Amino acid sequence: MPQATFDIALSTEKTLLFYKAKKSRVQVVAHDGRTLNLPWELFKPYITPTGIRGTFTIFFDHDGKYERLVAV
């Protein structure tokens, strides 16, 4: 199954920009150098009072469609 692992660190202020729908996509760089442009909705379960921080792995099906996002 295709996958990509990346780190993300969004402050509370930046997280609020997404939450208030001023932005709808999050761009990250995977550990292997690929740039991913992901829908904001994927990150909502990981919001904390300090924003969003951590390492995540996103899994895709064989057609390249998102299957799941997992905090590592």
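The values are calculated or read from the model by the stated rules, or taken from the named source; none is laboratory data. Quick caveat, the model's predicted, so the values are computed rather than measured. Cβ sites come from the backbone with ideal geometry, for glycine too, and all protein chains shown count toward neighbours. The protein model used for the area step is the full one, side chains on, heavy atoms only, and it has no ligands, DNA or RNA in it. Shrake-Rupley method; radii C 1.70, N 1.55, O 1.52, S 1.80 Å.
Can you pull out every residue in region 1-25 that is under 22 Å from residue 62 (Cα atoms) and open to solvent by less than 70 Å² (accessible area, probe 1.4 Å)?
Of everything in region 1-25, those that are under 22 Å from residue 62 (Cα atoms) and open to solvent by less than 70 Å² (accessible area, probe 1.4 Å) turn out to be 2, 4, 5, 6.
Select from region 25-39 the residues that are touching a residue at least 12 places away in the same chain (Cβ under 8 Å) and under 15 Å from residue 52 (Cα atoms) and list them in ascending order.
Of everything in region 25-39, those that are touching a residue at least 12 places away in the same chain (Cβ under 8 Å) and under 15 Å from residue 52 (Cα atoms) turn out to be 25, 26, 28, 38, 39.
Counting just the residues of region 26-59 that are open to solvent by less than 20 Å² (accessible area, probe 1.4 Å) and of a type outside the set (A, V, I, L, M, F, W, C), which one comes out farthest from residue 71 (Cα to Cα)?
Selected residue: 51.
Can you find even one residue in region 41-53 that is in a strand (DSSP E or B), farther than 20 Å from residue 13 by Cβ and touching a Lys or Arg at 6+ places or on another chain (Cβ under 8 Å)?
Applying the first criterion (in a strand (DSSP E or B)) to region 41-53 yields 48, 51-53.
Then keep just the ones that are farther than 20 Å from residue 13 by Cβ; that gives none.
No, there is no match, as no residue in region 41-53 is in a strand (DSSP E or B), farther than 20 Å from residue 13 by Cβ and touching a Lys or Arg at 6+ places or on another chain (Cβ under 8 Å).
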